[in-house]
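The values are calculated or read from the model by the stated rules, or taken from the named source; none is laboratory data. What you are looking at is a predicted structure, and each value in this text was computed from that prediction instead of being measured. Cβ placement follows ideal geometry from the backbone for every residue including glycine, while neighbour counts extend to all protein chains displayed. Please note that ligands, DNA and RNA were not included when accessible areas were found on the heavy atoms of the full protein model with its side chains. Shrake-Rupley method; radii C 1.70, N 1.55, O 1.52, S 1.80 Å.
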Amino acid sequence: MNRRFALAAAAACSALSLLASAAHASDWPAAKAITWVVPFAAGGSTDVVARLVGHELSVALKQSVVIDNRPGAGGAIGVQAVARAPADGYTLIGGTISTHAINTALYKKLPYDPVKDFEPVALIAYVPNVLMVNSALGVNTVQELVAWIRKNPEKASYASSGAGTSTHLTGAQMAELIKVPMQHIAYKGSPQALQDVAAGNVPFLFDQLTAGMPLVKAGKLKFLAVTTKTRSPLAPDVPTTAEAGFPGLDLVSWQAVYAPKGTPKEVVSRLNTEIVKALKSPDLKGKLETQFGMQVVGSTPAELAAVTAADTARLGELVRKSGATVD
């Protein structure tokens, strides 16, 4: 009797929980403002995406979307906070290739699980990494740079915005592809890395196109290739790595949005619908592409889940081979 009573009670609690969740989902998002956590400082790509897409989302949902920057630990602080937030649709996280793929291998004790702790909502955009060299190096193509590296292996080093970042791993991918060991020099951010390459202290690096554009216009850096499958509208004369003869050099960063695990499916679906609709608008799409060099996607939740899984597997292997760790 006691066992039957316990089972019946558990079933009743489960049913009530489902009913409460359904009722809550039907009211969403009327109760309060939505918080979109950005796990990095203001001004970066993740922050830009959150503010632009968040504004469109607030108009569509007729509810405020508040951007909350929580930087630190490679994004882990902000992501962990959202992983522990109520799964009610009122808290979102701006996820990236770093927070939801690379960090899995980079941190031995990551305080969240990118898969088990989150519901994928939408892949917003790809952000190409660009191979840039110091203008005085005397190379104009990827082939010429590789020839220079093979001729000067003792000088073969590349800069990045930090150990385990996508810019670091793109360099590691290149070293593996051309089968020449290269010294990785990690900086505490993109500006420092770019300035040192521009000064000639390091021969080249991979970084985001918009980050390097001012130094390219100043004649201190030169773009050689973008890692995306198609050319960037911001630099249409710059070939892709595949066009340059290196189709395997294809690591691109991405921007996405996730919700805590257990967020009602109806809420995730509505969020996805409105975000994708916003990304199709000429105004928003134009800003992301022409001002920030992104390639707008607007995926389904399932497609984002597939990208997350695929990049976690392949980048985890790159991290292990590179020896990068932050613990």
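Relative to the dominant Cα principal axis of the chain, helix 166-178 is inclined by about 50°.
In this structure, the residue pairs whose Cα-Cα separation is over 25 Å, taken from Lys108/Lys155; Lys62/Lys285; Lys155/Lys321; Lys32/Lys108, are Lys108/Lys155; Lys32/Lys108. What is the helix-to-structure angle for 142-151, meaning the angle in degrees between its Cα long axis and the longest Cα principal axis of the chain, kept from 0 to 90 and rounded to the nearest 10? Approximately 60 degrees, to the nearest 10. Computed from backbone phi with θ = phi - 60° and the Karplus coefficients 6.51, -1.76 and 1.60, the 3J(HN,Hα) list for region 235-244 is 9, x, 7, 8, x, 7, 5, 5, 5, 7 Hz; x is used for glycine and proline.
Given in Å, the Rg to one decimal and the Dmax to the nearest whole number for the Cα atoms of region 171-327 are 18.0, 54. Dipole magnitude for region 224-305: computed about the Cα centre from +1 point charges on Lys and Arg Cβ and -1 point charges on Asp and Glu Cβ, it is near 300 debye.
Taking amide H atoms as placed 1.01 Å from N in the peptide plane, the amide H of Gly95 lies under 5 Å from those of Ala256, Val257, Tyr258, each 5 or more residues away in sequence or on another chain. Normalising the average separation of contacting C-alpha pairs (under 8 angstrom, six or more residues apart) by the number of residues puts the relative contact order of the chain at 26 percent.
Looking at the chain, the accessible area is 45 square angstrom per residue; that uses a 1.4 Å probe and ignores ligands, DNA and RNA. Each of Gly248, His184, Leu209 was placed along the dipole of region 168-284 (beta-carbon charges, centred on the mean Cα), and the one lying farthest toward the positive end is Leu209.
Computed over the Cα atoms of region 221-263, the ratio of the radius of gyration to the Kirkwood radius (Rg/Rh) comes to 1.22. Estimated translational diffusion coefficient (Stokes-Einstein, Kirkwood radius over Cα pairs, 25 °C, 0.890 mPa s) of the chain: 117 µm² per second. When you work out D = kT/(6 pi eta Rh) for region 264-319 at 20 °C and 1.002 mPa s, using the Kirkwood radius from C-alpha pairs as Rh and the Stokes-Einstein form, the result is 165 µm²/s.
Sparsely packed loop sites in region 52-157 (the trypsin sites (Lys or Arg not before Pro) outside DSSP H, G, I, E and B with at most 15 other Cβ atoms within 10 Å) comprise Lys62, Arg84, Lys108, Lys109, Lys116.
Rounded to the nearest 20, the Cβ-based charge dipole of region 102-195 about its Cα centre (Lys and Arg +1, Asp and Glu -1) stands at 300 debye. Restricting region 161-237 to trypsin sites (Lys or Arg not before Pro) that sit in a DSSP loop and have at most 11 other Cβ atoms within 10 Å of their own Cβ leaves Lys179, Lys188. Put simply, the amide H of Asp68, placed in the peptide plane, has neighbours under 5 Å in Trp36, Val37, Val38, leaving out anything fewer than 5 places away on its chain.
Between the Cα long axis of helix 2-27 and the first principal axis of the chain there is an angle of about 60°, rounded to the nearest 10.
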